[in-house]
Structures are given as C-alpha cells and as structure tokens.
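Asker: After the structure tokens below, expect a handful of questions from me.
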Amino acid sequence: MSEPLLSVHDLKKYFPIKSGLLNRTVGHVKAVDGISLELGPGETFGLVGESGSGKSTVGRTILRLTEKTAGEVKFKGIDLHKLPSDELRKLRPKMQLIFQDPYSSLNPRVRVGEAIGEALLDHGLVPKEEIRDRVLEVLESCGLSSYHIDRFPHEFSGGQRQRIGIARALVLKPELIIADEPVSALDVSIQAQIINLFRKLQETRDLSYLFISHDLSVVEHLCNRIGVMYLGSMVETASRDELFRNPLHPYTKALLSAIPVPIPKLKRERILLKGDIPNPANPPSGCKFHTRCPYATAVCKEQVPAFRDVGGNHFVACHLV
Ligand code: SF4
C-alpha cells in the first residue's frame, strides 16, 4: 500500500457513566475499544457492523469531533489529536464528514446554494464573488442542475438531498471523506445511484473514503479493504475480494449470509444470530461475540482472541481460526 493518507492506531473512545448525587463516574461505555486501520490516497476502507458496534464513533473520533480516550490518528502524518485548535481548523476542509440524513444538517430556511457555499466563506477559501461559480460547479459534479442553487431543502427528494450533502463536503476540495451510512435511508435503486456517484467522484478527484455502513452489500462494490466491527472492536479486516471469498470470523459470515443473491444456487446458508448486540457498558468476557456465536466454546468465554494476521494481510480475532 502507498503511504497512508489516514492511519489510525489502537483508537479508544470511552464515554463515562455518571451516577449519584455527586455525579461520580461509575463505569464506561467502551464505544471504540482499540481500532486500527490505514487508508491510502484514492482508496476506500469500508467499516461494517450492526448498529451499536461503534462505527460512527470511530468516524467522529478520527475527525476529532469528539476527543479520543487513547490511541493515535494521523492524517498525512500529522497527529490530529495533538494539533492546537487553530491548526486543526485549517486542516478541516481536507477531511469532511457526510451524514446519513443530510436534511437534518440543512437549515430549511437557507437556500441550497448558500448552504453549500457557507463553509467556503467560513474558511475564507474562495473570494466571495467566486463562491457561486464554485457551488454551481460542484452541484453539476454531483448530478444536480444549476437551477437547484436557489431552491430550499424541502424541495428535494431523499437522493437529491444526499447529493447536496456530498456537494457540501466536496466544495471544500477534501482529500478524505468519512461517509457515515450515507445511503442507508435511501431506496435500493437510489442507493445504487449514490454509490455510483461516490465512485465517479473518487475517480475524478482522487478522493479517499472511510465508508461506514451496517450493510456489507453496500460496501462491496466501493471498497478496497473492509473492516468488520463488533461491540467496539475490529473482528476481521481483509481486502474486499478476500473477505467476500474467504470470510473467517463467524460474525462476518453471518453478515455475509444476510446479503440477498440473485442466483439461488450461489446463496449461502443464512446464519441467524441470537439476540441483540450486548450493552457496551457491560461487554461479555473473553470474546465479546461469544453470547451470540454458534461456535462458541468454553475458552471463548474466558480468553480474548488475539487479532492476528492469518496470511495475506487478512486479520481475524477468533480462537477457532
Ligand atoms: Fe465465536 Fe469463539 Fe470465535 Fe468468538 S472466539 S467468534 S465466540 S468461535
């Protein structure tokens, strides 16, 4: 892999649980519990797991929208969590976040052109008189029309609103985009259009994506490498092709088995997981997945499996592998 644009090492984010009259810390929610990943220029890393696995907190902690508990995040070799706030602010345009629901981050009374251009104004990146042209250019890149610039958010469909969300990120000419469930609120046909847009923009603008999704089928066609998270920890990472061809962790196998396939004879046997993801404030002992794993043995309840390379840069945390 080329020199990483983003490198995350043993990242942890614990949220304190406060209780009592004195508001004492009585425990921690270990939302992110030692995540490492690397992302090269022009590459896409897919971060996958159920709701509650800590994926979104990884994204927000990487961008320092929330402070880390431990670990290291480097963007182009710069340790983001050690930067003074004024230096971090200068770097912000290069690292953008796209949300699942762009509508919630758009002011309904502000026209779309203004909403897209305001970050340019805030960061003083473009003279005021050039902002409209930059916004028009980015609208067109995102498959919207010039007349959309003067419309209000409620006049757009879900897919168009996500295009606006992408345009808002893109107008700052970022190098890294963290896309947090950017298509999960959309119909399947619109999802495909938005994923194609992400792909096209990556080709034309040399963007790197950290693409967060609960759905492996969404990241399948976009990512070079995929990491599967469970309860704050990475349980498996591999190249996209390797992960789909040879999934090793029982949790990854369960996620893959849930993907619908068009040809029935290619269908994997569906693995149904018992129950819900446990409470991260009180995670199970040993392998955190043992309460739901169909292959759990006594050792799984006692010992945390090492996250190790099983060959070909394929990492997995499971006693059976
Ligand atoms: Fe299942 Fe045990 Fe492997 Fe955990 S370590 S995934 S419980 S077999």
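The values are calculated or read from the model by the stated rules, or taken from the named source; none is laboratory data. Since we're looking at a predicted model, the values are computed, not measured. Backbone-built Cβ (ideal geometry, glycine too); neighbour counts: all protein chains shown.
Asker: Inside the range 266-315, can you point out the residues that are in contact with a helix residue (DSSP H, G or I) (Cβ under 7 Å, 6 or more places away or on another chain), over 24 Å from Phe45 (Cα atoms) and not charged (D, E, K, R)?
Answerer: Of the residues in the range 266-315, the ones in contact with a helix residue (DSSP H, G or I) (Cβ under 7 Å, 6 or more places away or on another chain) are 268-271, 273, 285-287, 289-290, 293-295, 312, 314.
Next cut, over 24 Å from Phe45 (Cα atoms) only: 268-271, 273, 285-287, 290, 293-295.
The answer is Ile271, Leu273, Ser285, Gly286, Cys287, His290, Cys293, Pro294, Tyr295.
Asker: For Arg225, indicate whether it is more than 10 Å from the ligand (Cβ to nearest atom) and modelled with pLDDT under 95. Don't jump to the end; show me each part of the working.
Answerer: Working: more than 10 Å from the ligand (Cβ to nearest atom): yes; modelled with pLDDT under 95: no.
No, not satisfied.
Asker: So, in the range 281-300, how many residues would count as being within 8 Å of the ligand (Cβ to nearest atom) and not in a loop (DSSP other than H, G, I, E, B)?
Answerer: 2
Asker: Right, another one. Of the residues Ile271, Ile259, Ile212, which single one is in contact (Cβ under 8 Å) with a residue 40 or more places away in the chain, assigned to a loop (DSSP other than H, G, I, E, B) and of a type in the set (Val, Ile, Thr)? Please lay out each step first, then the result.
Answerer: On the way: Ile271 fails: in contact (Cβ under 8 Å) with a residue 40 or more places away in the chain; Ile212 fails: assigned to a loop (DSSP other than H, G, I, E, B).
Among Ile271, Ile259, Ile212, only Ile259 is in contact (Cβ under 8 Å) with a residue 40 or more places away in the chain, assigned to a loop (DSSP other than H, G, I, E, B) and of a type in the set (Val, Ile, Thr).
Asker: May I pose another question? Exactly one of (1) under 22 Å from the mean Cα position of the chain (by Cα); (2) farther than 28 Å from Phe15 by Cα; (3) aliphatic (A, V, I, L, M); (4) within 16 Å of the ligand (Cβ to nearest atom) is unmet by Ala317. Its number?
Answerer: The number of the failed condition is (2).
Asker: Next up: Looking only at the range 158-183, which residues are assigned to a loop (DSSP other than H, G, I, E, B) and farther than 13 Å from Val112 by Cα? Give the steps one after another, and end with the answer.
Answerer: Filtering the range 158-183 down to residues assigned to a loop (DSSP other than H, G, I, E, B) leaves 171-175, 181-183.
Those that are assigned to a loop (DSSP other than H, G, I, E, B) and farther than 13 Å from Val112 by Cα: Leu172, Lys173, Pro174, Glu175, Glu181, Pro182, Val183.
Asker: Has the range 223-238 got any residue that is within 19 Å of the chain's Cα centre (by Cα), surrounded by fewer than 23 Cβ atoms within 10 Å (Cβ to Cβ) and free of Cβ contacts under 8 Å to residues at least 60 places away in the same chain?
Answerer: Looking for residues that are within 19 Å of the chain's Cα centre (by Cα), surrounded by fewer than 23 Cβ atoms within 10 Å (Cβ to Cβ) and free of Cβ contacts under 8 Å to residues at least 60 places away in the same chain, one finds none in the range 223-238, hence no.
Asker: Which one of the conditions (1) at pLDDT 95 or above; (2) exposed (fewer than 13 other Cβ atoms within 10 Å of the Cβ); (3) among the aliphatic types (A, V, I, L, M) does Ile263 fail to meet, given that it meets all the rest?
Answerer: With respect to (1) at pLDDT 95 or above; (2) exposed (fewer than 13 other Cβ atoms within 10 Å of the Cβ); (3) among the aliphatic types (A, V, I, L, M), Ile263 is out only on (1).
Asker: Pull out all pairs, ordered by first then second residue, where Cβ-Cβ is under 7 Å, the residues are six or more apart or on different chains, the first lies in the range 105-122 and is without any contact (Cβ under 8 Å) to a residue 24 or more places away in the chain, and the second is among the hydrophobic types (A, V, I, L, M, F, W, C).
Answerer: Leu121/Ile131
Asker: Follow-up question, since we're still on this one. Only residues that are away from the ligand (no atom under 11 Å from the Cβ) and of a type in the set (Asp, Glu): list them for the range 301-314, please.
Answerer: Answer for the range 301-314, where residues must be away from the ligand (no atom under 11 Å from the Cβ) and of a type in the set (Asp, Glu): just Asp309.
Asker: Related question: Tell me whether the range 216-237 contains one or more residues that are over 28 Å from Lys30 (Cβ atoms) and among the small types (Gly, Ala, Ser).
Answerer: Start the filter on the range 216-237 by keeping residues that are over 28 Å from Lys30 (Cβ atoms), which leaves 217, 220-222, 224.
Cutting the leftovers down to among the small types (Gly, Ala, Ser) gives us 217.
Looking through the range 216-237, at least one residue is over 28 Å from Lys30 (Cβ atoms) and among the small types (Gly, Ala, Ser).
Asker: While we're here: Cβ contacts < 7 Å: first residue modelled with pLDDT under 95, restricted to the range 292-303; second residue acidic (Asp, Glu), any location; separation 6+ or different chain. Result?
Answerer: Short answer, once both residue conditions are applied: none.
Asker: Where the second residue is among the acidic types (Asp, Glu) and not in a strand (DSSP E or B) and the first is over 21 Å from Ser184 (Cβ atoms) and lies in the range 37-54, which pairs have Cβ atoms under 6 Å and are six or more apart or on separate chains?
Answerer: So the pair list comes out as Gly42/Asp206.
Asker: Consider Ala296 carefully, then state whether it is within 21 Å of Arg225 (Cβ to Cβ) and buried (at least 17 other Cβ atoms within 10 Å of the Cβ). Lay out the reasoning, then the answer.
Answerer: Working: within 21 Å of Arg225 (Cβ to Cβ): no; buried (at least 17 other Cβ atoms within 10 Å of the Cβ): yes.
For Ala296, the condition - within 21 Å of Arg225 (Cβ to Cβ) and buried (at least 17 other Cβ atoms within 10 Å of the Cβ) - is not met.
Asker: Looking at (1) in contact with a strand residue (DSSP E or B) (Cβ under 8 Å, 6 or more places away or on another chain); (2) closer than 17 Å to Ile35 by Cα; (3) within 16 Å of the ligand (Cβ to nearest atom), which is the only condition Leu243 fails?
Answerer: (2)
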